[in-house]
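Please treat every number below as a calculation from the coordinates, not as lab data. What you see is a predicted model, and the numbers here were worked out from it, not measured in a lab. Glycine gets a Cβ as well: all are built from the backbone with ideal geometry, and neighbour counts include every protein chain shown.
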Amino acid sequence: MKNMPFLLVYAIIVLLMYYGHVLFFTYTAMAAALLPVIISLAKALGLPVLSLYVPAMTLVPYSLIFPFNTVPLLMFSGAGLFDTKDSARFGLLFGVITLLQWFVIGLPYWKLLGIMP
């Protein structure tokens, strides 16, 4: 990854943190497992830690769109209030919007604050 441009590393982190909720049941488990890895990765690549930690940290609560990530959504799904396929489609669509948001709004904003290289 040392030879990758920062924008590609940034995109991988944003995608990992958004779609990583498929692997974890709770925010706490995901944050505990992935945030130390993100910090280590930033240090290993010689990047400012905040340049990868800020998008990673702020994307932890995005799991609300997957029915299997929170107890209330499990209950709503189990009660038949929405279909799991609909939730997955919404999750994919929202993921694309999130990625665009992080590139169009997030990068310039964090760069303006001096967090991004």
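Per-residue Cβ neighbour counts within 10 Å put VAL9, VAL96 in the sequence VAL96, VAL9, beginning with the fewest. Potential lengthening of the chain between TYR109 and ASN3 amounts to 35.7 nm, from the contour at 0.36 nm per residue minus the alpha-carbon distance.
So if R0 is 22 Å, what FRET efficiency would GLN101 and MET75 give, r being the distance between their Cβ atoms, rounded to the nearest 0.05?
0.15
Taking Cα atoms only, the orientation of helix 6-19 departs from the longest principal axis of the chain by about 20 degrees.
Ratio of Rg to Rh for segment 6-112, alpha carbon only, Kirkwood?
Radius of gyration relative to Kirkwood radius: 1.02.
The longest part of the chain holding none of the exposed loop chymotrypsin sites (Phe, Trp or Tyr not before Pro), meaning those outside H, G, I, E and B in DSSP with at most 15 other Cβ atoms within 10 Å, is 26-67. Mind pulling the angle between the C-alpha long axis of helix 27-45 and the longest principal axis of the chain? Nearest 10 degrees, somewhere in 0 to 90. Computed tilt is about 20 degrees. Modelled label positions at MET57 and LEU93, each set 7 Å beyond Cα in the direction of Cβ, lie 3.2 nm from each other. Between PHE82 and ALA33, the FRET efficiency from the beta-carbon distance, with R0 = 22 Å, is close to 0.20. Remark: segment 77-84, residue by residue, has Karplus-estimated 3J(HN,Hα) of 5, x, 7, x, 6, 7, 8, 4 Hz, where x stands for each Gly or Pro and the curve is 6.51 cos²θ - 1.76 cosθ + 1.60 at θ = phi - 60°. The string of couplings for segment 100-117 from the Karplus curve (6.51, -1.76, 1.60, θ = phi - 60°) is 4, 4, 5, 8, 7, 9, x, 4, x, 5, 5, 5, 4, 7, x, 8, 8, x Hz, one whole number per residue in order, with x for Gly and Pro.
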